[in-house]
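This report concerns only the one structure given below.
Read the figures in this text as sums done on the coordinates, not as results from a lab. Keep in mind the model is a prediction, meaning the values are calculated, not measured. Cβ placement follows ideal geometry from the backbone for every residue including glycine, while neighbour counts extend to all protein chains displayed.
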Amino acid sequence: MNSLRGRLLVAAGVALLLFVLITALALERADHVRAEQAVRDRLQGLVYGVLSIIEVSPGGDIDIIEGNLPDPRFAQFESGLGAMLAETDGNILWRTTSLLRDPPVPVALPVGAWRLNSPTPDYPYFSLSLGVSWGLEKGERRFTVIVVEDSATFLAQRSRFRRSLWLWLGTAAVLLLGILLVILYWGLGPVRRLTAEVRMLQSGRQDHIIGHYPDELTPLGNALNSLIGNERLRQSRYRLALDDLAHSLKTPLAALRAEVGEQPACNAPIQQMQQQIDYHLKRALAGGGKTFGQSTTLRPLVDQTLAALGKVYADKQITFSVNIPDDLQLAIERGDLLEIMGNLLDNACKWCKRSVSVTATLTQNSIGILVEDDGPGFPADAIKLLDRGIRADTRKEGQGIGLALVADIVSSLGGEIVLDASRKLGGAAVRLVLH
């Protein structure tokens, strides 16, 4: 997952889910223990009440005064509450009339020991047992007093509590998740604003980071501004140095040309040297690639170029057709875009008969530029001009270095160039796709 917001949301959601589950289990367990303790306390009081109505004679005879039972449910049919008196061997000496279902065999307990048995599928009753002893003339007699209670009420209460617990915890979780979404949206606001500024830089609508950001993002904004400034300074120095180099090479080449005079055998190598120097210097000067914070509006640049070419090729009386949105901007330096459009339009004007067309279209992820003419079109092997590794001195006469230079600049911008035949005018067509 590449989204920072998505990662934080998933992490917060998982943490919230774990918190809700752990809290629910802890609360449910705590309520279960509390409820069982309440059952134990209630049954313990009933055990003492049952003990108060049991009388054992010195000879060991047992007399139970049932009219004094501590709870009237002991005498009600299927009331869910009952009591028993058992011997240590499990033999039941007495039980209330409400207790119709045979209980499990009682377990003998030490004197004074308590034992609470939870409900089971076979016997859905709580039972609390107490080991007691009566002193007799011939020693003592031990018994187990048992009080049982139906677990239906207990389970119903637990079920209601569980439903209420999950309802409130689920509601709280949804509310917390909503609050987390708001917090994430608010907390990531500076990141979104910085991302928007970077996109403005890429599109050339902004030349540096201008927003004020939290302390964690301020160094990043400063670093971007510093990087942009250093890159512009480096390109400026680089191009000045290349310009100086170009001027420094002109004089020696002119001197060589004057020295050899009209000797073809010597003039040809000098001409090739001149072509290679021109090509590589133009390529270095123009092919700078995409730059942050710089953009150029296409329509005015094309109009100015066509106005100049109309004067150069005035004898042809060329008809220009321009279909470009007025506000279409490209994140390219003006010099690079001028080099691209100047070479393409100059070639179109040079080879056309009467018509040249320029069209630009904007899609979601790219900009397409189409330059067409009504001339003879490209020769069959013209595509070789775009192959990497073709040297300047191998290009055909008349095609010069312009088209190859355009291909290099477009490639450095991450775009594509295609040589084709014009469907509209019947001549050559050059398609550029810039991402």
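Numerical summary
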item: Whichever aspartates and glutamates have a C-alpha closer than 20 Å to that of LYS138, once near sequence neighbours (fewer than 8 apart) are set aside; result: GLU55, ASP61, ASP63, GLU87, ASP89
item: Built amide H within the under 5 Å cut-off of TYR313, gap 5+; result: none
item: Computed E for GLU36/TRP134 - FRET, C-beta separation, R0 35 angstrom, nearest 0.05; result: 0.70
item: Whole-Hz ³J(HN,Hα) from phi, Karplus 6.51 cos²θ - 1.76 cosθ + 1.60, for region 416-428, glycine and proline x; result: 9, 10, 10, 8, 8, 9, 6, 7, 7, 10, x, x, 8
item: Derived scalar couplings ³J(HN,Hα) [region 74-86; Karplus, 6.51 cos²θ - 1.76 cosθ + 1.60; whole Hz; x for Gly, Pro]; result: 4, 9, 9, 5, 6, 7, x, 10, x, 9, 9, 10, 10
item: Within-14-Å neighbourhood charge of TRP186 [Cβ basis; K, R +1; D, E -1]; result: +3
item: Pairwise label distance in nanometres, VAL418 with SER52, each label 7 Å out on the Cα-Cβ vector; result: 10.1
item: Using a Förster distance of 22 Å, the FRET efficiency for SER226-THR195 (Cβ separation, nearest 0.05); result: 0.70
item: Net charge of Cβ neighbours under 11 Å - reference HIS32; Lys, Arg +1; Asp, Glu -1; result: +1
item: Cα-projected label distance for ILE92 with SER118, points at 7 Å along beta-carbon direction, nm; result: 2.4
item: Using alpha carbons only: equivalent-ellipsoid semi-axes of region 1-156, gyration tensor based, whole Å; result: 48, 16, 12
item: Highest to lowest packing among 26-32, 74-80, scored as the average C-beta count within 10 Å; result: 74-80, 26-32
item: Ordering of 187-198, 407-418 by burial proxy (mean other Cβ atoms within 10 Å per residue, highest first); result: 407-418, 187-198
item: Placed amide H near ILE332: partners under 5 Å, 5+ positions off or other chain; result: THR296
